[in-house]
Amino acid sequence: MHNLRRILSCAALALAVAAPSPGHAELVFEHVLNIGAKGEANGQFSYVEDFAWSADGALLATDALNCNVQAFDKTTGKYLTQFGGKGDGSDKFEKPEGIAVDKDGNIFVADYQAGYVKKFTRSYKLLRTFSGLGAAPGQTEKSEFIDIHDGLLYVPEQGSHRVDVFDLDGKFKFLFGKQGNGPGEFLKPEAAKFNSKGMLYVVDLGNHRIQVFGKDGKFIKEWGKKGTAAGEFQRPAGLAIDKDDNVYVSEIDNNRIQVFDSEGTPLSMWGKEGSGDGEFKNLHGMIVDKTTGWLYVADSGNNRVQVFKRSVK
């Protein structure tokens with residue numbers, strides 16, 4: 001049975017935040033609940049990675065080591081169902097990590113190990129498999145946290161240090177990026193997510209920075225460097241964007257979450273290594289419910305999802 005810990009709002013944990021830049025409102029977050037525990041049973045995790053919203057509003061979570069995608073009630077954390085799993089079947093996975101859902105409710109899952117992207121219906125039936133393991137255009141190596149925008153699927157690859165772009169039928173369209181540390185270059189890009197204005201934010205894990213691109217892959221700007229201060233990173237991994245286009249970034253080595261406005265101005269920061277509420281170990285993907293503002297965080301090392309909400313300051 002999954003582990004669910006509710007915190008009443010009157011006793012909610014208020015989390016430490018970084019001082020906002022002048023002219024920017026401080027954002028404060030409090031812990032709401034935890035979902036999951038270590039294991040292979042329904043509602044448990046071995047290595048939770050990233051998230052998407054199903055067509056009916058369930059939280060979909062990939063598990064790289066249990067090789068499945070599980071669905072949860074986003075409010076209570078109750079386990080609902082799952083698909084995929086280990087095995088040789090066409091609808092099975094080797095190491096699912098990235099996940100995205102299109103406007104019709106179809107679900108795309110990027111397999112880090114196999115190099116395939118698999119497309120499922122909203123009822124979790126396999127529609128097609130495309131791409132494949134390799135470095136050629138249209139193939140992927142160590143694909144990570146994906147997103148869909150304007151009818152195209154964007155797939156960041158740690159293995160080839162680039163972003164590949166496909167249409168929703170799996171046809172390769174174009175790619176951008178190469179290994180390096182210059183503008184538009186990557187070292188193990190981990191996540192690629194769009195804001196409401198069509199700007200693509202890419203977590204450049206190995207270069208400890210965030211890069212921003214147009215939907216055509218043209219470089220716009222970057223921020224961040226290796227460090228522990230606000231606006232600095234140590235192996236950033238997950239990325240989420242809220243309804244105000246604020247950008248949330250998780251960091252593996254700093255065991256924390258930072259929040260920025262769309263231009264990269266720091267707004268908030270919390271977390272440290274540990275297993276308590278608001279403490280983290282080996283952070284990965286994130287997602288924001290743009291209706292409620294709740295933030296769902298893959299606390300991979302603790303085999304759980306932590307959920308936070310904006311608090312009144």
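At-a-glance table
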quantity: Relative contact order, percent, region 130-216 [alpha-carbon distance under 8 Å, six or more residues apart]; calculated: 21
quantity: Derived scalar couplings ³J(HN,Hα) [region 199-206; Karplus, 6.51 cos²θ - 1.76 cosθ + 1.60; whole Hz; x for Gly, Pro]; calculated: 8, 9, 9, 10, 7, 9, 3, x
quantity: Residues in region 102-126 that a label on residue 81 would reach, taking backbone N under 15 Å of a point 7 Å out along Cα→Cβ; calculated: 105-107, 120-126
quantity: Per-residue ³J(HN,Hα) for region 237-243, Karplus 6.51 cos²θ - 1.76 cosθ + 1.60, θ = phi - 60°, Hz, x for Gly and Pro; calculated: 10, x, 8, 9, 9, 8, 5
quantity: Residue-normalised accessible area of the chain, expressed per residue, 1.4 Å probe, Å²; calculated: 40
quantity: Amide H within-cut-off set for residue 149, under 5 Å, with H built and near neighbours excluded; calculated: 154
quantity: 5 angstrom amide H check on residue 226, placed H, neighbours 5+ away; calculated: 233
quantity: Label assignment, volume of the Cα convex hull per residue in Å³ derived from the structure, set [x] 163; [y] 133; [z] 112; calculated: [z]
quantity: With all protein chains modelled, accessible area of residue 142 [1.4 Å, Å²]; calculated: 100
quantity: Part-to-part distance (alpha-carbon centres) for region 252-305 and region 35-78, which is given in Å; calculated: 16
quantity: Apportionment of accessible area to carbon and sulfur, region 101-234, percent (1.4 Å); calculated: 47
quantity: Percent of Cα pairs exceeding the 19 Å cut-off, where the set is region 167-294; calculated: 47
quantity: Nitroxide proxy distance, nm - points 7 Å out along Cα→Cβ at residue 273 and residue 172; calculated: 4.1
quantity: Amide proton proximity set for residue 47, modelled H, under 5 Å, gap of 5+; calculated: 64, 65, 66
quantity: Rel. contact order, % - alpha carbon contacts under 8 angstrom, at least six apart, the chain; calculated: 15
quantity: Dipole magnitude (debye, nearest 20) for the chain, charges at Cβ of Lys, Arg, Asp, Glu; calculated: 200
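The values are calculated or read from the model by the stated rules, or taken from the named source; none is laboratory data. Predicted model, so just to flag it, every value in this text is computed and none were measured. Cβ: placed from backbone, ideal geometry, glycine included. Neighbour counts: every protein chain shown. Side chains included, ligands, DNA and RNA excluded: accessible areas come from the protein's heavy atoms. Shrake-Rupley method; radii C 1.70, N 1.55, O 1.52, S 1.80 Å.
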